[in-house]
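Report on one structure; see the data block that follows.
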Amino acid sequence: MTEQFPFIAETTSLPLLSSMCCVRRGENFRVQGKTVSRPMLCLILQGDGVLALNDTVYTAQAGSLFVLKPGTTVEAAARSNVTEFILLSMDTVRLQQVRGEWKMTSSSDFPLDWQTGRLLVRHEQQVVSRLESLYETYRGLQPDHFISIHSQLHELLQFLSENRLEANYEKVDPALERSIMYMRRFMSEGISMDQLAKIAGLTPSSYSRSFKKAKGMSPTDYLNRLRIEEAKKQLTEEHCVLKDIAVSVGYGNEYYFSRKFKQTLGIAPSIYMKRDQLRVATASIMGFHENLTSLGLHPVAVFEGALDRETDENEYERRIIEQFNQLRQAKPDLIIGDFYHKPYYDRLKSIAPTLLLEPAEDWKSQHMRLAELVGREKQALLHFKELEFHKFEAGPSLQSYFGTARIALMEITNQFIRLQGANEHPLNNLLYDELGLQRAQLLPPDISRYEYTADSIPLLDTDFLFVHRASLQPASEKAFRRMKQTASWNRSTAVLHGNVHDISNWHLLCWNPEGRLQILNELQQIIQQASAYPHASLIMIGP
C-alpha cells in the first residue's frame, strides 16, 4: 500500500517547484543565521560538516537529505575543502471549490506532514539521481521541461514518502501514519482501537503489534503522549485553564488529566504551568545543580546525600542533618533529584514536591529533561549548538596535537588513586568518539574506573596523563607524593616527557554543555601552553 499525499487526499493542496540551485563552496564555508522563507529540501552532494536547524544540530555528509520548513533558522560549517548541495524550494497552492468555482491561493505550509530536520530514506543514491534529474530539467537542459517539471517534483515527493524511514531505520508504514494523523486531528474526541485499526486497514490485534514494533510503544501510550505534548503547549499560554485543556486534549476531566500528566512527566500540570518561575532545589551527586546553573537558574539549595566511603559515618550523618535543615529553610517549590537519592525520597517529599529522575540514556537527554522541568528548553538547545560548533572548530587542532598519542585520566582522593575506564560514559564518548583522541589501554573495556592505593598503581603506559585532584587535604597530598615515588609512575611515558596535566573534575563536567565546553577549553590550554613552553618538563593547569 502506498502512502497517500495529504495535499491530494485531504487538503486539496498542490506543491509547485519555485526554484532550484546547486551550490558549490570551498573550504571554511559557513552559513550564519539564515531564515528559510519557503518549504525547502536540501541534499548534500559532497563534503561534510555540521548543520544547525532551529538550534538542533545534525551531522551533514554526502547523501544527507534535510527538510526545511518556513521560518527555520539555518547555521552551518563545513569541514571539507569542497561542499556541494542542491536546494529545492517549493510553493504550495491551495485549491478550494466555492459556489461551483475553483479558487486558488498560495500557502507557505510544507506539503507533507514532515518535520524540520534530516529525512531518513532508503535508496539514497536514487534520491540523489532523482534530485539531480529534476535540477537538469529545471535548468532547461531537457525538452518539454516546463511540462514535466512539476510532475517530476510530485514523483520525487511520492518516492520520498514511500521510502521514508523511522529513526530506528525501520520503514515508515503509511497505514500506521494515517492512523497517527487521525490521532492528532481528533485527539479531543474519544478514539477507540477499533477505529484506528480500521483506518490502518488491519485487525485490532495486528494493528497493535505492528504499531508497537514500529514506534516502540502501544497505540494507547502513543496517543497519550500526543495528548500530553499538546497539553504542555497549552499550559505555557497565558490565562490557561486546566479544565479546558483537559477537555481539548481528550481527557474526561481535569483530575484524570492531572493524574496522567504526572505519571508521564513526574510533576503536576499546576507546577508545569509556572515552571519558569519555580524556586528549585536539587538532590543529586550527578551535578544537577551545575546543569541548572548553566541554564541560568541557580538552585535555592543543593542536597548531596549519597554515601561517600571516605567520609566518617558520624561526620556523614552530621552533614546530612545540616543539609536537610538548609533545604527546609530554602523553602523550594520543587526538588529535582537523581536515582541515588531514592532512600531520602519520603523526607524530601515532606519538604516540597519531589521528582527523582531515572538514569538517562545519555547526557543530552538528561540535560534536556532538566531544562524542560524549569522552562529553559531554548537555552539548552542553544548550548547544544554552541558546543557542537566549538567541537567542530577545536577538533582539527586537538587531533593534530595529540595525533595517535594515548591519553589516560586519573583522580586522586584521600585514600585512592582512580583510573578512568573504557566503558560507555559521557566523558569517554566526548574524548574518544567525538574528539577522536586515543585511549590508553590501562583497564579492561568493561570497567568504569578502578581504584588503587598510592603504592600499587599499575604501569601508567600512556603518552598523556590528565590528573584531577579530588581533594587538597593533607591525606590526598600524601597519597600523591607516595605515588610519585613508585616505579610505575616514574617509568610512564607521560611523566618522562612532561605530559602530566592537572584538570578540573571532567567526570562531573561532562554531564552538561557548559561543562563540556570547559573540558574543550582545558584541552586547548594544554596545546597553547605546550606551544609557549615547548621545553617545560611538567605543565599543570586547572584551578
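Some notes on this structure:
- Filter result (in contact with a strand residue (DSSP E or B) (Cβ under 9 Å, 6 or more places away or on another chain) and either part of a helix (DSSP H, G or I) or at positive phi (or both)) within segment 498-508: Trp506, His507
Residue by residue, here is whether (1) in contact with a His (Cβ under 9 Å, 6 or more places away or on another chain); (2) open to solvent by 60 Å² or more (accessible area, probe 1.4 Å) holds:
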{"site": "Val50", "(1), (2)": "no, no"}
{"site": "Phe110", "(1), (2)": "no, no"}
{"site": "Arg122", "(1), (2)": "no, yes"}
{"site": "Gln126", "(1), (2)": "no, yes"}
{"site": "Tyr138", "(1), (2)": "yes, yes"}
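For (1) under 14 Å from Leu523 (Cβ atoms); (2) of a type outside the set (Phe, Trp, Tyr); (3) outside any helix (DSSP H, G or I); (4) open to solvent by 70 Å² or more (accessible area, probe 1.4 Å), each residue gets a yes or a no:
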{"site": "Glu393", "(1), (2), (3), (4)": "yes, yes, no, yes"}
{"site": "Leu427", "(1), (2), (3), (4)": "yes, yes, no, no"}
{"site": "Gln441", "(1), (2), (3), (4)": "no, yes, yes, yes"}
{"site": "Pro445", "(1), (2), (3), (4)": "no, yes, yes, yes"}
{"site": "Glu451", "(1), (2), (3), (4)": "no, yes, yes, no"}
{"site": "Leu459", "(1), (2), (3), (4)": "no, yes, yes, yes"}
{"site": "Ser488", "(1), (2), (3), (4)": "no, yes, no, no"}
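- Summed over segment 27-49, the residues that are in contact with a helix residue (DSSP H, G or I) (Cβ under 7 Å, 6 or more places away or on another chain) and either over 15 Å from Phe66 (Cβ atoms) or at pLDDT below 90 (or both) give a count of 0.
- Some residue of segment 59-79 being modelled with pLDDT under 90 and either surrounded by fewer than 16 Cβ atoms within 10 Å (Cβ to Cβ) or among the basic types (Lys, Arg) (or both): yes
- Here Phe389 clears all of (1) open to solvent by less than 30 Å² (accessible area, probe 1.4 Å); (2) assigned to a helix (DSSP H, G or I); (3) closer than 27 Å to Pro269 by Cα except the condition numbered (3).
- Top-ranked residue of segment 401-424 - restricted to ones that are crowded, with 18+ Cβ neighbours inside 10 Å and assigned to a loop (DSSP other than H, G, I, E, B), ranked as modelled with the lowest pLDDT: Ala422
- The set of residues in segment 248-284 being under 18 Å from Lys349 (Cα atoms), of a type in the set (A, V, I, L, M) and either open to solvent by less than 20 Å² (accessible area, probe 1.4 Å) or part of a loop (DSSP other than H, G, I, E, B) (or both) consists of Leu265, Ile267, Ala268, Leu278, Val280, Ala281, Ala283.
The values are calculated or read from the model by the stated rules, or taken from the named source; none is laboratory data. The structure presented is a predicted model; accordingly, all values stated were derived computationally and were not measured. Glycine gets a Cβ as well: all are built from the backbone with ideal geometry, and neighbour counts include every protein chain shown. To get the accessible areas, we keep the full protein, side chains included, count just its heavy atoms, and leave off ligands, DNA and RNA. Shrake-Rupley method; radii C 1.70, N 1.55, O 1.52, S 1.80 Å.
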